[in-house]
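Here is the structure we will look at, set down as structure tokens.
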Amino acid sequence: MTSSPPRTAAPPDKLALLTKYFGFTSFRPIQEAVIDTVVSGADAFVLMPTGGGKSLCYQLPALMMEGITIVVSPLIALMKDQVDALTESGVPATLLNSSITNTESSERLSKLFRGGYKLLYLAPERLMMDGFLELVQKLPISLFAIDEAHCISEWGHDFRPEYRKLKDVRKLFPKVPVIALTATATERVQEDIVKQLGIQRGKMFKASFVRKNLYYEVRPKQETYKQLKTYLKSRKGESGIIYCSSRKNTETLEEKLQSDGFKVHAYHAGLTSEERSRRQDAFIKDNVQLMVATIAFGMGIDKPNIRFVIHHDLPKNLEGYYQETGRAGRDSLESDCLLFYSYGDKMKVEYFFDGKTAEQKALAQEQVNQMVRYAESTQCRHKLLAEYFGEVYTAEACGMCDNCTKPKEEFDATVAAQKFLSCIKRSGERFGATYIVDVLCGSDNSRIVSNGHTSLSTYGIGKEFSKRQWLELARQLLAGGYVEHVGEYNVLQLSPKSREVLYDGKKLFLKPLKKESGTVSKSAPTLGGAAVDETLFTRLRLLRKRLADEQNLPPYIIFSDATLREMSIQKPLSQSAMHKISGVGERKLQMYGKVFLDEIISYIKVSGRSGSL
Ligand code: ADP
Ligand code: MG
């Protein structure tokens, strides 16, 4: 049921294709310039951080140009993910690698020759197989895309000898443009890629490595497990990675977390490869929320909705730290990067220097010193990272790290917290934060009316704060363990600690709540988002999970978290309103529009909220 792009002399309108297939309305920085370049027939080298949106830089040209785009990608799992995502968006794409049987391969090839695919994903080994390039020469190839292009360089952390042979491909296809893409920040590797592939210098596109949606924080490594547990409880239902420095640590922590009721898997190189992929798959499909892993985990996954990356132990160098934390928030929603740091950890890292040569030791020492300088610094963490990668960083305060957001003073939140907690109690500990806030603010939506909650003593007693500020307060109470999330709908319930505030007269001090006019970014955190209806968001996530399981797909292939969040802000009630949501292209509207609309409509009926037509 896929429609192929129109065959016209002039290249089709890229914005129209972007909306039709991907459901996006605008390009990210540099995407458009890159697309224009390759479509004009020139080469391009693209440097963008993880989550920057590299795939679109060749997927859209593939749709605009006549013929087939060949994408070389090093990891089978990533290839499959991309082909699944394209297929779901109505883009005809397929892949060939060692996981595909011979019969299936020949079927795919003959469909390719019939013009049935716009994109073909290949493992580099396949391209180099005897006779394969000759076969490819018979196809109308429009573009070669080399993803994860750092694999071509011996200086990189992930050198793949087969990538070296891509040079020969250039010679066989002198007229076909090549686009090379990577997130590798090191200059030496970048230059190597450009040189090896013969890409002209003028066609280099570099995006900033500052990931504005990531919140960086360093915490003292004291009572670490207690801190961790409190944090994780405030993040129920969300995906995250906890990195540990050894296999043993991952297993100990996995056990502890499991016994505390968390859905978690350990992951390290000591497991069999079947076990590793089983665990990775469970994480990708949202069957487990947490991975406690060594740095062996992460390379092969493109899961966009990882909401936090926690380093339980000190990483060995800042570059690795940046790459690992970079796996959070690919979908550009706010995500946390926490590092637990103690000086003792530095000494543990140094302990393993024994047995290294003097030169290796000096390098490792310099790297760990750098890491320690980062951890102990009081400067903006984004600035520190940007400068480490040679970028000039001028922003005064990023608003997205502990050092820039450290509250000048805390405010006495005792009374506000008492109001909030008693509202939870009086409404029977059966509702989510949005509902509680609505009651406090005296909202007259029909759900509150029909529950009789307009007559609660806490109804309308919270007018001193806006809804957004109350949600922020809720978030801080959750983070401090003063209230707990329960059940799949994230109902709020009181905790033993809430008693202290509610009945024992304990004073509570919190970070100042942002003023309405303050700098709250569009992609606000999951709970405290301006108008994200948290209950609806949870319902949509559950629906997505069910649909994904039916097709054995990762949930994010159906809709991203960003798309579901927008749905729970806009609450579309018609096909046309649904189509306006970012991430809802034509095919997804056709496939899933109705089920999601039905879910939103039935929610609106019981909650008495309004939607958009
Ligand atoms: P990278 O390969 O650079 O790590 P991806 O290509 O996987 O990044 O893209 C990361 C996320 O950003 C994906 O979820 C993708 O759908 C989204 N994205 C890419 N371009 C856009 C755009 N122009 N508008 C909205 N979202 C986008
Ligand atoms: Mg990518």
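Quick look at the numbers
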quantity: Tally of residues being within 16 Å of ligand 2 (Cβ to nearest atom), in a loop (DSSP other than H, G, I, E, B) and not hydrophobic (A, V, I, L, M, F, W, C) across the stretch 101-152; calculated: 2
quantity: Test for residue 86: is it crowded, with 20+ Cβ neighbours inside 10 Å and under 28 Å from residue 196 (Cβ atoms); calculated: yes
quantity: Criterion violated by residue 108 - all others in (1) surrounded by fewer than 19 Cβ atoms within 10 Å (Cβ to Cβ); (2) on the phi > 0 side of the Ramachandran plot satisfied; calculated: (2)
quantity: Every residue from the stretch 71-83 that is crowded, with 23+ Cβ neighbours inside 10 Å and either polar (S, T, N, Q) or away from ligand 2 (no atom under 16 Å from the Cβ) (or both); calculated: 73
quantity: Residues of the stretch 570-588 classified as among the aliphatic types (A, V, I, L, M), in contact (Cβ under 8 Å) with a residue 40 or more places away in the chain and closer than 28 Å to residue 81 by Cα, total; calculated: 2
quantity: Residue 247, sole failed condition from (1) touching a residue at least 60 places away in the same chain (Cβ under 8 Å); (2) in contact with a Ser or Thr (Cβ under 8 Å, 6 or more places away or on another chain); calculated: (1)
quantity: Counted residues, the stretch 426-458 - those being in contact (Cβ under 8 Å) with a residue 60 or more places away in the chain and either on the phi > 0 side of the Ramachandran plot or surrounded by 14 or more Cβ atoms within 10 Å (Cβ to Cβ) (or both); calculated: 10
quantity: Looking only at the stretch 169-226, and only at residues there that are farther than 23 Å from residue 42 by Cα and of a type in the set (A, V, I, L, M, F, W, C), the one that is surrounded by the most Cβ atoms within 10 Å (Cβ to Cβ); calculated: 214
quantity: In the stretch 34-57, the residues that are more than 10 Å from ligand 2 (Cβ to nearest atom) and either part of a loop (DSSP other than H, G, I, E, B) or in contact with a strand residue (DSSP E or B) (Cβ under 6 Å, 6 or more places away or on another chain) (or both); calculated: 34, 37, 38, 40, 41, 42, 43, 44, 45, 46, 47, 49
quantity: Among the candidates 85, 77, residue that is part of a helix (DSSP H, G or I), in contact with a helix residue (DSSP H, G or I) (Cβ under 6 Å, 6 or more places away or on another chain), more than 19 Å from residue 142 (Cβ to Cβ) and of a type in the set (Gly, Ala, Ser); calculated: 85
quantity: Restricting the stretch 342-375 to residues that are touching a residue at least 24 places away in the same chain (Cβ under 8 Å) and of a type in the set (D, E, K, R), the residue that is surrounded by the most Cβ atoms within 10 Å (Cβ to Cβ); calculated: 345
quantity: Hits in the stretch 23-33 (condition: away from ligand 2 (no atom under 16 Å from the Cβ) and either within 16 Å of residue 200 (Cβ to Cβ) or not in a loop (DSSP other than H, G, I, E, B) (or both)); calculated: 32, 33
quantity: Leading residue by the ranking (modelled with the lowest pLDDT) among those in the stretch 384-399 that are aromatic (Phe, Trp, Tyr) and part of a loop (DSSP other than H, G, I, E, B); calculated: 389
quantity: Residue within the stretch 270-277 that is in a helix (DSSP H, G or I), modelled with pLDDT of 95 or more, within 29 Å of residue 489 (Cβ to Cβ) and outside the structural domain of residue 472 (by TED's automatic domain parsing) present; calculated: no
quantity: Residue in the stretch 220-232 that is without any contact (Cβ under 8 Å) to a residue 24 or more places away in the chain, not aliphatic (A, V, I, L, M) and not assigned by TED's automatic domain parsing to the domain that holds residue 483 present; calculated: yes
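Condition check ((1) without any contact (Cβ under 8 Å) to a residue 24 or more places away in the chain; (2) of a type in the set (Lys, Arg); (3) within 11 Å of ligand 1 (Cβ to nearest atom)) across all residues:
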{"residue": "23", "(1), (2), (3)": "no, no, yes"}
{"residue": "36", "(1), (2), (3)": "yes, no, no"}
{"residue": "42", "(1), (2), (3)": "no, no, no"}
{"residue": "48", "(1), (2), (3)": "no, no, yes"}
{"residue": "60", "(1), (2), (3)": "no, no, yes"}
{"residue": "66", "(1), (2), (3)": "no, no, no"}
{"residue": "71", "(1), (2), (3)": "no, no, no"}
{"residue": "84", "(1), (2), (3)": "no, no, no"}
{"residue": "95", "(1), (2), (3)": "no, no, no"}
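Residue-wise test of (1) within 16 Å of ligand 1 (Cβ to nearest atom); (2) at pLDDT 90 or above.
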site: 121; (1), (2): yes, yes
site: 139; (1), (2): no, yes
site: 173; (1), (2): no, yes
site: 186; (1), (2): no, no
site: 212; (1), (2): yes, yes
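The values are calculated or read from the model by the stated rules, or taken from the named source; none is laboratory data. From a predicted model like this one, the values you see are computed outputs, not experimental measurements. Don't worry about glycine lacking a Cβ; one is built from the backbone with ideal geometry, like all the others, and counts go over all protein chains shown.
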